[in-house]
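Asker: If you scroll down you'll find the structure; I have some questions about it.
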Amino acid sequence: MSELSVGALSGLAANSYVIDVASGSTLDVTNATGTLPSAQLPSGSVLRVLSTYTTDYFTTTSITAVDVPNFTLDITPSSASNKILVMFSFGMVFNGTAGQDCEFFINRDATEIALDYVFESSNANDQSAMAGHYLDSPNTTSSVTYKMTMEVNGGSGNVRRGSFTVMEIAG
């Protein structure tokens, strides 16, 4: 196996270094330092992932949307053209009667951005796993807060253990 070691490259325009790797070969960058500019990554590349997980139980009887604790993340997109993929999953229990429901919403800052995720009760102590996702286009390079909110229309809703994740996707 051949090895090439270079201390520095010179004589090339700034940021124009190219390394071609033959098909079927790999380039080991295990000990590399520095960062690859996100502008160099193709559209659809995952640039950053932030996630939170909770084992707490949260119960509400609120008929207006309230924050689900530990389901809030702040992210600052590196480009206004980038997207944010928001994902959630959790267990829940809904104590209600037929016709009542528990609704969940994804919010960007103070605005509900995703269609609501509804769990309708058929009897007391209905249990379910809830999961969903939403691809958002915040069109900003300022900090953005994503969070889950929930409300119940009769009865009580309980969120049990879950995760909340945001991923910045190159636009």
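Asker: Could you calculate, for the stretch 75-171, the ratio of the Cα radius of gyration to the Kirkwood radius, expressed as Rg to Rh?
Answerer: Over the Cα atoms of the stretch 75-171, Rg/Rh equals 1.07.
Asker: With r as the distance between the Cβ atoms of residue 41 and residue 98 and R0 = 41 Å, compute the FRET efficiency 1/(1 + (r/R0)^6) and round to 0.05.
Answerer: It comes out at approximately 0.25.
Where a number appears in this text, it was derived from the coordinates with a stated rule and is not lab data. The structure presented is a predicted model; accordingly, all values stated were derived computationally and were not measured. Here Cβ is always computed from backbone atoms with ideal geometry, including for glycine, and neighbour counts include all displayed protein chains.
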